[in-house]
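The structure appears below as structure tokens.
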Amino acid sequence: MPITFDESTRCFHLQNDRISYIIRLAAGRYPLHLYWGRRLRAVSDDLLSRLCAYTDEDFSLHETPLDLLPQECPTFGCGDMREGMLHVLHADGTHALDLQYVSHEIIDGKPALPGLPSARGEGAQTLQLTLRDSESGLSVTLTYTVWPDVDIVARSMRVTNGGASPAVIERALSACVDFEQADFSLLTLSGAWARERGIVSRPLVPGDQGTSTARGASSVQTSPFMALLAPNTTEQTGDVYAFALCYSGSFAASVHVDQFSMARAQIGIQPFNFSWTLDPGDSFQTPEAYLCFSPDGLNGMSRQYHALTHRHITTGRYAAAERPLLINNWEATYFDFNEEKLLALARCAKDVGIDLFVLDDGWFGHRDADNSSLGDWFDDVRKLPDGLAGLSARVHAMGLKFGLWVEPEMISPDSELCRAHPDWCIHAGSRMRVESRHQLVLDLSRQDVRDYIVEHIGAALRRAQVDYVKWDMNRNINMWGSAQLPPERMRELGHRYILGLYDIMSRIIAQFPDVLFESCAGGGGRFDLGMMCFMPQAWCSDDTDAHMRSRIQYATSLVFPPSTMGAHVSAVPNHQTGRITPLETRAAVAMGGTYGYELDLLRLPQQELDEIAALNRRVKSMQRLLLYGVFYRLKSPFEGNETAWMSVSEDGREAVVTHVFTLAQPNAKPALLRLVGLNPSLDYRDEATGRVYGGDELMHHGIRIEVPWNDYRAQQFHLIALDS
């Protein structure tokens, strides 16, 4: 059984064939963290001796403060002087919580979380552990899920007010693990617009460290993820303990190293600018966190998160399907287009083998620049005389699918909607409304706002007969206030906004179950597992430069598989960096995600169009492997002059290997790239050259990489195993 409870030792053992997570009830009352790592067959006496001092006979908070113990649900104010998972302000002004075990339930499957996205529970088993503070009547249900096919434990917490007075939650995290040691490096992802998710690693030190955001979105500046790496961990070897949050709003991920070199790792909703009032009988549910243990380095961790995403996170028609090759008109036309120009671009796209034409910003209201009309979701007949319906019909008649850009969460001060409903935006009373990109944020905590969005965006998508939607969000919240929330609940706005967003997406996606939805947030500003529960792919970055994208996509792959990463070939000189890279390189990097184009095909010579047509045929022949194969990082762009990665079929008989040199070096000898994941007993033929290699040779000796004569050169190998 994946989850067992031993009455004699008071131990819960969560396990599959590869990992174990063990909890022990000290004195039968306090859930303590005993073990997390490689699978153990049983809980030995030696392991139990770690907590042997805390027995039913002599354990007492009066003599043994919880500050010394590794806890599953630490709280502040009753013996533990570290920051805990849960801080509650009681009606009498105190914060103390003495949470003691009440009951548990082990159930098959996995309950959904009310109002929040979460992983599905096929084949899973779940432990629900209920604790209660007798003084206040507050109870906590800790939920743990394990799957047989991924080495991940899902954790969340539900807080219920069973007392007679309101209580205010000031901190409610999703997971906490107390480690006996602090001999780790902390790895997080950090960046900015157009350079999202750079890899940052540093040794743990005494005190607090971690990553967080208070911007109302998971953000381009950081990512709701962190990993603790044992000494000498590499891509392929070493123990990794990782935490990823299924949430799209402000979050915090932190590690506190105490005076005894114990490391407390926690992740959840950002406590800053957050509170939640619980009236008697009310409950509060935290988002789900996914805790991954890998003994096989960072690549092992990534393979588990990729498997979780493919098997238990993404849903809908495209969750496991090949994706249409698309062209987006944005970098081809920006706001300056008419129907004739769009149709000419679509015809050329069809000729080179593209499947989907996407109309980006500028089709609605009177939007000739980014300073008006958000919220006015009616067609601009100056540009589209027959509206979206006419354009879509003509694109469909060419044999192409039709896609549309929307930004439902925003409102322009210069819009009919804002003039009609000036209080619908998030604003701080009568203070100046701080704009960003000439826009404000709609207050999604309001039911009337959500209903308006669902009605008008839904109507636009029906008019357009869409096959694809790019759902954008181009600014974060920098003034916090709602015209509908009372003052004492104003700090609930950030979480209520995200709950409102999830409600809107659920309702709209339910109306269009066959549509491919892609998330976007000023590029990769909301690239998180919460969004992946609704939309199977996200625009990885507004930076389409192949050199920068190789870094961004490489780091993104720590948690997310290629099938989630929107990646396109763009024009040169690149519109973000001015860099010129070969078409072959731009295509090779874009094949690391959901392939498409951001350029004006009408300006390209026929020779380049022919090359694009050949590239499209190649992508389609390998797409399932590229999107859903087992992914391996081989060379890091953060550590040298080259980067490399590969995708391998589940049976190990086919692989695509991509290698990119950054700067050319004169008079350099060819390099060797060692591959992984192949069958050493098989021979493989490279489809481009016809050369045959042994699987053992490719993994132990390597494949030869020719040193380029100019910068930013890519080489790609499509390897297929020969029959015996």
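Restricting the search to strands (runs of 3 or more DSSP E) fully inside segment 208-298 and requiring at least 1 residues that are free of Cβ contacts under 8 Å to residues at least 60 places away in the same chain gives 225-229, 251-257.
Being in contact with a helix residue (DSSP H, G or I) (Cβ under 8 Å, 6 or more places away or on another chain), surrounded by 22 or more Cβ atoms within 10 Å (Cβ to Cβ), more than 23 Å from L89 (Cα to Cα) and of a type in the set (V, I, T): is that true of T309 here? For T309, the condition - in contact with a helix residue (DSSP H, G or I) (Cβ under 8 Å, 6 or more places away or on another chain), surrounded by 22 or more Cβ atoms within 10 Å (Cβ to Cβ), more than 23 Å from L89 (Cα to Cα) and of a type in the set (V, I, T) - is met. Residues that are surrounded by 23 or more Cβ atoms within 10 Å (Cβ to Cβ) and farther than 20 Å from L291 by Cα were ranked within segment 200-226; the one that is farthest from the chain's Cα centre (by Cα) is G216.
Look at R323 and say whether it is in contact with a strand residue (DSSP E or B) (Cβ under 7 Å, 6 or more places away or on another chain) and more than 30 Å from R18 (Cα to Cα). When the stated conditions are applied, R323 passes them.
Against the list (1) out of contact with any Pro (no Cβ under 7 Å at 6 or more places or on another chain); (2) open to solvent by 40 Å² or more (accessible area, probe 1.4 Å), the condition D239 fails is (1).
For segment 600-609, check the following and say yes or no: at least one residue is in contact with a Leu (Cβ under 9 Å, 6 or more places away or on another chain), open to solvent by less than 20 Å² (accessible area, probe 1.4 Å) and closer than 21 Å to S557 by Cβ. Within segment 600-609 (the criterion being in contact with a Leu (Cβ under 9 Å, 6 or more places away or on another chain), open to solvent by less than 20 Å² (accessible area, probe 1.4 Å) and closer than 21 Å to S557 by Cβ), the answer is no, since none of the residues qualifies.
Within segment 351-405, restricting attention to residues that are in contact (Cβ under 8 Å) with a residue 40 or more places away in the chain and among the acidic types (D, E), the residue that is farthest from Q606 (Cα to Cα) is D376.
Applying the criterion of being part of a strand (DSSP E or B) and of a type in the set (A, V, I, L, M, F, W, C) to the residues of segment 99-113, the residue that is surrounded by the most Cβ atoms within 10 Å (Cβ to Cβ) is I106. Return the residue satisfying two criteria in turn: it lies in segment 74-98 and is open to solvent by less than 10 Å² (accessible area, probe 1.4 Å) and in contact (Cβ under 8 Å) with a residue 40 or more places away in the chain, and of such residues it is nearest to the chain's Cα centre (by Cα). Result: M85. Hey, can you tell me all the residues within segment 586-604 that are closer than 23 Å to A538 by Cα and in a helix (DSSP H, G or I)? Scanning segment 586-604 gives R586, A587, A588, V589, A590. Checked against (1) aliphatic (A, V, I, L, M); (2) surrounded by fewer than 20 Cβ atoms within 10 Å (Cβ to Cβ); (3) touching a residue at least 40 places away in the same chain (Cβ under 8 Å), L131 passes all but condition (2). Whether a residue is out of contact with any His (no Cβ under 8 Å at 6 or more places or on another chain) and farther than 22 Å from A307 by Cβ was assessed, and Q606 passes this test. For segment 671-679, indicate whether the set of residues that are at positive phi and either in contact (Cβ under 8 Å) with a residue 60 or more places away in the chain or out of contact with any strand residue (DSSP E or B) (no Cβ under 7 Å at 6 or more places or on another chain) (or both) is non-empty. For segment 671-679, residues at positive phi and either in contact (Cβ under 8 Å) with a residue 60 or more places away in the chain or out of contact with any strand residue (DSSP E or B) (no Cβ under 7 Å at 6 or more places or on another chain) (or both): absent. The residues in segment 559-594 that are under 23 Å from S302 (Cβ atoms) and without any contact (Cβ under 8 Å) to a residue 40 or more places away in the chain can be counted, and the count is 2. L342 falls short on exactly one of the conditions (1) under 30 Å from R624 (Cα atoms); (2) in contact with a Pro (Cβ under 7 Å, 6 or more places away or on another chain), and that condition is (2).
Residues are listed down the side, and each one gets a yes or a no for (1) open to solvent by 10 Å² or more (accessible area, probe 1.4 Å); (2) part of a loop (DSSP other than H, G, I, E, B); (3) in contact with a Gly (Cβ under 9 Å, 6 or more places away or on another chain):
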| site | (1), (2), (3) |
| --- | --- |
| Q553 | yes, no, yes |
| S563 | no, no, yes |
| Q576 | yes, yes, no |
| T581 | no, yes, no |
| E584 | yes, no, no |
| E611 | yes, no, no |
| N616 | no, no, yes |
| Y632 | yes, no, yes |
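How many residues are open to solvent by less than 50 Å² (accessible area, probe 1.4 Å), in a loop (DSSP other than H, G, I, E, B) and among the hydrophobic types (A, V, I, L, M, F, W, C) when one looks only at segment 647-675? Residues that pass the stated criteria total 3. Annotation: of all residues in segment 1-44 being of a type in the set (D, E, K, R) and in contact with a Lys or Arg (Cβ under 8 Å, 6 or more places away or on another chain), the one that is farthest from D151 (Cα to Cα) is R10.
Applying the set (1) in a helix (DSSP H, G or I); (2) exposed (fewer than 13 other Cβ atoms within 10 Å of the Cβ) to D696 leaves exactly one unmet item: (2).
Mind listing whichever residues of segment 620-629 are under 15 Å from M565 (Cα atoms), open to solvent by less than 60 Å² (accessible area, probe 1.4 Å) and of a type outside the set (F, W, Y)? If the condition is that a residue be under 15 Å from M565 (Cα atoms), open to solvent by less than 60 Å² (accessible area, probe 1.4 Å) and of a type outside the set (F, W, Y), then Q623, L625, L626, L627, G629 are the ones that fit. Within segment 166-199, being open to solvent by 10 Å² or more (accessible area, probe 1.4 Å), farther than 27 Å from S557 by Cβ and in a strand (DSSP E or B) holds for V168, E170, R171.
Here is a yes/no grid of residues against (1) in a loop (DSSP other than H, G, I, E, B); (2) at pLDDT 95 or above; (3) more than 32 Å from the chain's Cα centre (by Cα):
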position	(1), (2), (3)
G362	yes, yes, no
R367	yes, yes, no
S373	yes, yes, no
K383	yes, yes, yes
A389	no, yes, yes
P413	yes, yes, no
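Tallying residues that are in a loop (DSSP other than H, G, I, E, B) and in contact (Cβ under 8 Å) with a residue 12 or more places away in the chain within segment 309-323 yields 9. Annotation note: of A289, A263, A253, A230, the sole residue that is surrounded by 19 or more Cβ atoms within 10 Å (Cβ to Cβ), more than 25 Å from V168 (Cα to Cα) and at pLDDT 95 or above is A263.
Of the numbered criteria (1) assigned to a loop (DSSP other than H, G, I, E, B); (2) open to solvent by 40 Å² or more (accessible area, probe 1.4 Å), the one L558 fails is (2). When the residues of segment 511-539 are filtered to those that are among the polar types (S, T, N, Q) and under 12 Å from the mean Cα position of the chain (by Cα), the one that is farthest from S212 (Cα to Cα) is Q537.
The values are calculated or read from the model by the stated rules, or taken from the named source; none is laboratory data. Worth saying up front: this structure is predicted, and the values here are computed from it rather than measured. Using ideal geometry, Cβ is built from the backbone for each residue, glycine included, and neighbour counts are taken over all protein chains shown. For the accessible areas, the whole protein counts, side chains as well, though only heavy atoms, and no ligand, DNA or RNA atoms are used. Shrake-Rupley method; radii C 1.70, N 1.55, O 1.52, S 1.80 Å.
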